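Written below as structure tokens is the structure these notes are about.
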Amino acid sequence: MYLKLFIAVLLFLFTSAVDPFEKFAESSTRHTNNWAILVDTSRFWFNYRHVANVLSIYRSVKRLGIPDSNIILMLADDMACNPRNPRPAEIFNNVAEQINVYGDDVEVDYRGYDVTVENFVRILTNRLPDVTPVSKRLLSDESSNIFIYMTGHGGDGFLKFQDNEEISAVELADVIEQMWRKKRYHELFFVVDTCQAATLFEKFYSPNILAVGSSKRGEDSLSHHVDPKIGVYVIDRFTYYALEFLEKLKQDSQKTIDDFFHCCPKHLCISEVAWRTDLFTKRDYRKTLLTDFIGNVRRTDVVLLDKQTLESISLNSTIEKSSDESNVSKQQYAYSSQMPIWN
């Protein structure tokens with residue numbers, strides 16, 4: 001009996017004009033998980049704002065659903081424990097001190113002198129030592145969408161790490177190409193807040209990349225405001241308005257990447273925000289949801305196999321026949337645009 005059913009299945013699959021699993025194959029091309037890599041490359045007290053920048057973005061991506069297990073957080077300096085900090089274990093991104101962005105649930109993966117160009121490259125390319133714990137690894141694959149946010153001091157075609165080394169735009173482009181060749185991402189969204197930020201992604205040549213920077217070539221990326229109680233700037237302009245935009249989002253938000261590109265117009269940022277979309281060719285970035293990268297939302301297709309297919313592939317169960325089965329088998333299911341994943 002089982003042999004006859006097995007033969008029937010084979011005959012059906014080879015003779016059918018339409019592959020019954022075709023829709024499953026199509027849906028598998030969509031991404032299935034999101035990752036975030038958030039990097040502050042600056043140390044020293046006067047760079048307090050860079051730590052506040054990255055912790056603010058960290059808070060937003062966690063609120064939108066990306067768990068700590070899918071976030072790599074790199075802080076070159078620990079402002080919360082700095083002896084100059086009058087509020088130990090607290091970091092604020094606003095003079096009003098409404099939100100402590102350090103909080104009790106911050107999981108820093110790379111801290112202090114572990115924030116290096118070498119470690120950053122090793123994380124992206126998965127060339128870390130065998131003893132590296134899972135929590136410090138980027139365990140992405142060809143179905144992963146990756147959000148990379150970087151902040152610090154930069155210049156024409158480079159970003160400084162710890163004031164003693166730098167990563168160049170060419171090196172960064174080659175690293176991302178290695179990620180693509182090793183099938184470590186499906187789509188990638190690169191955001192950088194630094195001086196001459198656009199020069200960091202102008203060398204990119206790998207597919208499926210969107211990029212946005214806080215300033216164009218020859219422009220400085222400016223700070224937003226000073227907290228007189230600590231005597232330093234507490235956040236940069238681009239990140240301030242990006243955070244204001246992100247704070248209004250929910251997991252089912254319909255805001256797009258294009259909306260994010262325009263979250264900080266020139267009269268607010270002073271510098272001119274620049275972006276790049278030419279490598280993102282498989283779909284329209286103007287219709288691409290921001291939560292496809294900064295969130296933990298999966299798209300879902302409900303596929304209904306017809307009666308003949310179900311009867312052919314059910315080897316261990318009997319299909320219950322009823323008078324209205326033919327109507328059920330022809331029922332059209334609607335596309336469910338988004339489904340939040342709770343952790």
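Computed from point charges on the beta carbon alone (+1 for Lys and Arg, -1 for Asp and Glu), the dipole magnitude for region 31-294 about its Cα centre is near 420 Debye. GLU272 contributes about 70 Å² of solvent-accessible surface, heavy atoms of the protein only, 1.4 Å probe. Rolling a 1.4 Å probe over the protein heavy atoms leaves MET150 with an accessible area of roughly 0 Å². Of the beta bridges in region 31-294, as assigned by DSSP with both residues counted there, near 35 percent are antiparallel. When each of the peptides 65-77, 215-227 is scored by the mean number of other C-beta atoms lying within 10 Å of its residues, the order from highest to lowest reads 65-77, 215-227. Of the trypsin sites (Lys or Arg not before Pro) in region 59-119, the ones in a loop by DSSP (not H, G, I, E or B) with at most 11 other beta carbons within 10 Å are ARG84. Residues whose amide H falls under 5 Å from that of VAL232, counting only those 5 or more places apart or on a different chain, are ASP227, with hydrogens built in the peptide plane. Per residue, the accessible area of region 154-284 comes to 43 Å² when a 1.4 Å probe rolls over the protein heavy atoms.
The values are calculated or read from the model by the stated rules, or taken from the named source; none is laboratory data. Nothing here was measured: the structure is a model prediction, and the numbers come from that model. All Cβ positions, even for glycine, are placed from backbone atoms using ideal geometry, and neighbour counts span all protein chains on display. All accessible areas refer to the heavy atoms of the entire protein, side chains included, with ligands and DNA or RNA removed. Shrake-Rupley method; radii C 1.70, N 1.55, O 1.52, S 1.80 Å.
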